[in-house]
Amino acid sequence: MATFLYKLGRLAFRRRHFVALIWVALLALAGVGAASAPSAGATSFSIPGTEAQKAFDLLEQRFPGASADGATGRIVFKAPEGQKMTDAANKATVEKTVEELSDGSEVVSVTDPFTTNAVSKDGTVAYTSVRYELPGMELADSTRDALEAAGDEARATGLTVDVGGDALQAAAEAGAIGEVIGLAIAAVVLVVTLGSLVAAGLPLLTAIIGVGIGVSTITALANALDLGDTTSTLALMIGLAVGIDYALFIVSRYRGELAEGREREEAAGRATGTAGSAVVFAGLTVVIALAGLSVVGVPMLTKMGLAAAGTVVISVLIALTMIPALLGYAGRKIRPAGEKRKRRGGNKAENSSEKPERSETPAKPGMGTRWASFVIRRPAAVLLLGVVGLGAIAVPATQLELGLPDDGSQPTSTTQRRAYDLLSEGFGPGFNGPLMIVVDAKNSDDPQAAATAVTDGIKDLKDVVTVTPAAFNKAGDTATITVIPNSKPSSVQTEDLVHAIRDQGADVKADTGARVLVTGTTAMNIDFSQKLTDALIPYLALVVGLAFLLLIVVFRSILVPLKAALGFLLSVLAALGAVVAVFQWGWLSGLIGVEETGPIMSMMPIFMVGVVFGLAMDYEVFLVTRMREAYVHGESPSQAIVTGFRHSARVVAAAAVIMMAVFGGFISSSESMIKMIGFGLAIAVFFDAFVVRMAIVPAVLTLLGKKAWWLPKWLDRALPNVDVEGEGLRALDEDGRKDPDEDRELVGV
């Protein structure tokens, strides 16, 4: 591996014009594809295998033309104090609104609240429902404008009027200002770490090119593959972070090779062969984690994972090829690590072809060296403090509540949230989460009797407010029944009611032969959360298992990969605890603009597990490969830890700060899912990089000593030697040919 990448790095350095031309051409091609591709329609959300999805599919078959996936808008009216909606003036306002909405070109139907019993018992609240042909994301802007204008006109008469429903759904703002701030912070960190604007610009340039290719390709394929805005946003988020970090590690190693006195082409080759090997394996762990989301069985999550994984692959390839090419362009504008400009004659030193002189004065130990020495002296205390601290932060995760966002999770300043609250006030909290019962009586001798049995049984259940009469299709073999729970959609009581109806449906099928299915948004949310919960353990087993095997090959150790996996679990649990504390409990929520607390996004835990695992293994590979490199070259286990920190701690810390800045930039997004994921990933990177990898890892390695690098002999012989440490490069001369005088074998461990 190291030798192959070494040759690739030197080739890219020499053929830099050709390499740069290829990547620029690919960027242009992807850009043209994105610009010429048809606009993506609304993304379909499905949960294959769940009862709610089966019921939804059945409705589309048995009720053709019903626009089951069409958007719904609701205008909610509340009478002024002392009046009722049935008063003549108020009633006339509502009827006028219904008439105006009926003229819309995309409107299927508009209900009259006075003929559909859509007025509250006290007569103060009423609503009209508007059904559209298309999903919310596909509606024309003029249609949304007409809905909002109708509400404004009614409000002008003195009524309290608010508009809700998914008809107002539109593309969320991605938080561009936050992203720019994140990139600005990343640029500052790169300048401080790499010592020059030119060196700092290379990782930013390659990351932007990589993300440009990835996101443009996603945009070009969005319509054909049914990819949504969230897919490209997450690919952008992860691609920027890993793209900058991977390039940073190679450029930093390049400066270190220059400090050793090597020529620039040789230094580029060796940097690609050593740091590039770590980049390859770190990238593989991220790709495994993201592609592994496919095992969950949710198409939307699969597409998000694969799109982000593809962007990571592009980032790895660019780091291995375009970074060496750009190093060739930069020439002497990138100085060796530790070299400082002389106050006089600085330009002469830069323009000279002589190798940098080494100072005889011992350099002051850096922060990484001092910190590693401190941990080695007190490993048990550091380990205990790190584990207990993260464990305490993880405690809120035990109260995790999952759900999907609805109008009730919107900020109170929005008309959607006010409409939601008005409906809860007038009709009860369960009105915003109705359950749709589908009775498939095709195999029943008496469909009417079967539907009546279902209706009567549901009326006897707890937490039920209203059960509508069964409505049959034209064929008379399928009926729908609407049930209004007494509790809000995200409550435990509503979830228990869904399970109770399904349990009762089993008895109905045994007695009448009719199949009873529960669907609707609330039931979909419950099934989605359950599906993700059931998939979490198999997903962890697959991803952690594959990465564990990969790390055994990289580190040639059993305990080091095991320690890496356990550390990851600790950091991700702490991150979930922080997410629950902020987004569910509301602690410090005002600092990041969380206006409304509520259940955590259903896909958040499993998505965080996938992404954080890949990123955690990044730091593990970059930091610990340097330790192993020192150990196999003859240093003691403790000294190898110090050496690893001396060479890698500063760069790993910089990479972590960059990732936190990039992820943190997405906290400003108006999309609650993006905001939550941005915060969760940023805090997870902080915990994993600075607590687990920088504190717990060296403490554990110190306590294990030589046992950390133990591997059974039979397994050592069976594993391929990928040479991540670059041992094979130590036997190469400056021309890339093997020097027989330096031929040596890898130190046995």
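The values are calculated or read from the model by the stated rules, or taken from the named source; none is laboratory data. Since the model is a prediction, treat every value here as computed from it, not as a measurement. Cβ placement follows ideal geometry from the backbone for every residue including glycine, while neighbour counts extend to all protein chains displayed.
Descriptive notes on the structure:
- Considering the range 133-147, and only residues there that are free of Cβ contacts under 8 Å to residues at least 40 places away in the same chain and in a helix (DSSP H, G or I), the residue that is farthest from Ala88 (Cα to Cα) turns out to be Asp141.
- Check on Val516, in contact (Cβ under 8 Å) with a residue 12 or more places away in the chain and more than 24 Å from Pro48 (Cβ to Cβ): no
- Criterion violated by Ala535 - all others in (1) crowded, with 21+ Cβ neighbours inside 10 Å; (2) small (Gly, Ala, Ser); (3) under 30 Å from the mean Cα position of the chain (by Cα) satisfied: (1)
- Residue check for Ala655: under 20 Å from Ile185 (Cβ atoms), of a type outside the set (Phe, Trp, Tyr) and assigned by TED's automatic domain parsing to the domain that holds Val375: yes
- Residue match in the range 549-571 (condition: farther than 24 Å from Ala695 by Cβ, touching a strand residue (DSSP E or B) at 6+ places or on another chain (Cβ under 6 Å) and surrounded by fewer than 24 Cβ atoms within 10 Å (Cβ to Cβ)): no
- Restricting the range 110-137 to residues that are aliphatic (A, V, I, L, M) and buried (at least 17 other Cβ atoms within 10 Å of the Cβ), the residue that is nearest to Gly165 (Cα to Cα): Val130
- Residue check, Lys96 of a type in the set (Lys, Arg), surrounded by fewer than 19 Cβ atoms within 10 Å (Cβ to Cβ) and either more than 30 Å from Ser46 (Cα to Cα) or within 43 Å of the chain's Cα centre (by Cα) (or both): yes
- Hits in the range 149-163 (condition: assigned to a helix (DSSP H, G or I) and surrounded by 15 or more Cβ atoms within 10 Å (Cβ to Cβ)): Ala150, Gly151, Ala154, Arg155
- Condition check for Ile667: over 13 Å from the mean Cα position of the chain (by Cα) and within 23 Å of Thr233 (Cα to Cα): no
- When the range 409-432 is filtered for residues that are under 18 Å from Ala523 (Cα atoms) and under 30 Å from the mean Cα position of the chain (by Cα), the ones remaining, listed by number, are Ser409, Asn432.
- Checked against the criteria, Ala363 counts as out of contact with any strand residue (DSSP E or B) (no Cβ under 6 Å at 6 or more places or on another chain), part of a loop (DSSP other than H, G, I, E, B), of a type in the set (A, V, I, L, M, F, W, C) and at pLDDT below 90.
- Among the residues examined, Val108 qualifies as of a type in the set (A, V, I, L, M, F, W, C) and either in contact with a Gly (Cβ under 9 Å, 6 or more places away or on another chain) or under 18 Å from Asn432 (Cα atoms) (or both).
- Selection within the range 92-120 - in contact (Cβ under 8 Å) with a residue 60 or more places away in the chain and in a loop (DSSP other than H, G, I, E, B): Ser120
- Arg693 at pLDDT below 85, under 33 Å from the mean Cα position of the chain (by Cα) and either in the same structural domain as Ala575 (by TED's automatic domain parsing) or in a helix (DSSP H, G or I) (or both): no
- In the set (1) at pLDDT below 85; (2) assigned to a helix (DSSP H, G or I); (3) of a type in the set (A, V, I, L, M), the condition left unmet by Ala207 is number (1).
- Any hit, the range 375-386, residues being assigned to a helix (DSSP H, G or I), more than 25 Å from Val251 (Cβ to Cβ), of a type in the set (D, E, K, R) and at pLDDT 85 or above: yes
- Against the numbered list (1) modelled with pLDDT of 60 or more; (2) assigned to a helix (DSSP H, G or I), Asp741 comes up short only at (1).
- Some residue of the range 60-69 being under 22 Å from Leu422 (Cβ atoms), outside the structural domain of Val465 (by TED's automatic domain parsing), surrounded by 14 or more Cβ atoms within 10 Å (Cβ to Cβ) and not β-branched (Val, Ile, Thr): no
- One residue from Asp477, Asp463 being surrounded by fewer than 19 Cβ atoms within 10 Å (Cβ to Cβ), at negative phi and acidic (Asp, Glu): Asp477
- Leu423 within 30 Å of Glu148 (Cα to Cα) and crowded, with 19+ Cβ neighbours inside 10 Å: yes
- Condition check for Thr468: free of Cβ contacts under 8 Å to residues at least 24 places away in the same chain and farther than 18 Å from Lys78 by Cβ: yes
- Among the residues making up the range 442-460, those that are surrounded by 18 or more Cβ atoms within 10 Å (Cβ to Cβ) and over 12 Å from Gly505 (Cα atoms) are Ser444, Pro447.
- Residue in the range 124-169 that is farthest from the chain's Cα centre (by Cα), counting only those that are of a type in the set (Val, Ile, Thr) and more than 13 Å from Glu100 (Cα to Cα): Thr157
- Of Arg377, Arg370, all but one fail to be surrounded by fewer than 13 Cβ atoms within 10 Å (Cβ to Cβ) and not assigned by TED's automatic domain parsing to the domain that holds Ala506; the exception is Arg377.
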